[in-house]
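Novice: So that we are looking at the same thing, I have put the structure below in structure tokens.
The values are calculated or read from the model by the stated rules, or taken from the named source; none is laboratory data. Keep in mind the model is a prediction, meaning the values are calculated, not measured. Cβ atoms come from the backbone with ideal geometry, glycine included; neighbour counts cover every protein chain shown.
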Amino acid sequence: MAVHDFNAQRLYVEADLAVDGEIAVSRDQANYLLNVLRLAEGSAILVFNGRDGEWKARLASVSKRTCTLRLIEQTRPQTGHPSLTYLFAPLKRARLDYMVQKAVEMGVGRLAPVLTRRTVAERVNLDRMRANALEAAEQCGILSLPVIDEPTTLPAVLTRWPSQQPLIFCDESAPPGGPLSALEELRARMAASPARPDVGVLVGPEGGFDPAEREAILKYPSAIAISLGPRIMRADTAAVAALAVVNAVLGDWR
């Protein structure tokens, strides 16, 4: 069953959302509503802020370049923040855009860029990442925006990662065979735990982790190495494959 009206336009806003509230949109948002979507006064649109659920609003006080939104009713209550963290070596611009959008669509609650020895991107544009995450959330009916971390080195990630929090490591050198058995075993352990921990999924750079990095990850107490199959994938493709498998066994697809 669909969780969202795919014919409805959605807009992210910063303001708090409540019955009979009125929101002054930015100039760029007004241009989008009036000149791109060609909405008129009284037209309906869905809005969300990542805190107060999704609301139906109508355009009001429309002028040539500005408008406001008058909130009518809540259409969906706020959902809990996803407990899935995606840790990845940053990619170059277009591939990173794609990866961020797909990770958000797949229900990731935190995006964590990890700097490795073979990372190819020279810098990480966090504002661009946020814009891509926001666009994916608007288009796909998502209510919670992911947290986006500052880039961190792999040794720092391993130092800070909670020892009881599973870290699923997509390892090109893992023994052949599907990842389901390892993930099913993890699910059984998590089901027996009184507190369900968040889960991390770690994918390396295009050239893979170097041997010393791989050894350090495998030594980490909560690391679980899985194979994504016999084919070598681009890092952005691996993101979709890994998150699909993890969601099917551990996530909110069940």
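Novice: Report yes if GLN101 is part of a loop (DSSP other than H, G, I, E, B) and at negative phi, otherwise no.
Specialist: It is false that GLN101 is part of a loop (DSSP other than H, G, I, E, B) and at negative phi.
Novice: Touching a Gly at 6+ places or on another chain (Cβ under 6 Å) and either over 18 Å from CYS140 (Cβ atoms) or surrounded by 15 or more Cβ atoms within 10 Å (Cβ to Cβ) (or both): does that describe THR85?
Specialist: It is true that THR85 is touching a Gly at 6+ places or on another chain (Cβ under 6 Å) and either over 18 Å from CYS140 (Cβ atoms) or surrounded by 15 or more Cβ atoms within 10 Å (Cβ to Cβ) (or both).
Novice: Does ARG214 satisfy being at pLDDT below 90 and assigned by TED's automatic domain parsing to the domain that holds GLN164?
Specialist: So ARG214 does not fit the description; no.
Novice: How many residues, within region 11-69, are farther than 30 Å from PRO82 by Cβ, in contact with a Gly (Cβ under 9 Å, 6 or more places away or on another chain) and surrounded by 18 or more Cβ atoms within 10 Å (Cβ to Cβ)?
Specialist: Of the residues in that region, 1 qualify.
Novice: Since ALA121 meets every condition but one in (1) closer than 14 Å to ALA238 by Cα; (2) surrounded by fewer than 21 Cβ atoms within 10 Å (Cβ to Cβ), which condition does it not meet?
Specialist: (1)
Novice: Looking at LYS92, LYS102 in this structure, which one is buried (at least 16 other Cβ atoms within 10 Å of the Cβ), farther than 24 Å from ASN35 by Cβ and not β-branched (Val, Ile, Thr)? Talk me through it step by step, then tell me what you get.
Specialist: On the way: LYS92 fails: buried (at least 16 other Cβ atoms within 10 Å of the Cβ).
Criteria check complete, one pass: LYS102.
Novice: Still on this structure, I have one more. Identify all residues within region 124-141 that are surrounded by 14 or more Cβ atoms within 10 Å (Cβ to Cβ) and either over 16 Å from PHE48 (Cα atoms) or under 12 Å from the mean Cα position of the chain (by Cα) (or both); write none if there are none.
Specialist: Kept after step one, since they are surrounded by 14 or more Cβ atoms within 10 Å (Cβ to Cβ), are these residues of region 124-141: 124-126, 129-130, 132-141.
Listed by number, the residues that qualify are VAL124, ASN125, LEU126, MET129, ARG130, ASN132, ALA133, LEU134, GLU135, ALA136, ALA137, CYS140.
Novice: Restricting attention to region 60-67, does a residue exist that is of a type in the set (A, V, I, L, M) and modelled with pLDDT of 95 or more?
Specialist: no
Novice: Can we say LYS92 is out of contact with any His (no Cβ under 8 Å at 6 or more places or on another chain) and more than 16 Å from GLU135 (Cα to Cα)?
Specialist: Taking the combined requirement at face value, the residue satisfies it.
Novice: Listed residues ALA174, ALA235, ALA156; which is over 29 Å from ASP127 (Cα atoms) and of a type outside the set (D, E, K, R)?
Specialist: ALA174
Novice: Can I ask one more? Can you find a residue that is at pLDDT 90 or above and under 30 Å from PRO77 (Cα atoms) anywhere in region 189-197?
Specialist: Among the residues of region 189-197, not one is at pLDDT 90 or above and under 30 Å from PRO77 (Cα atoms), which makes the answer no.
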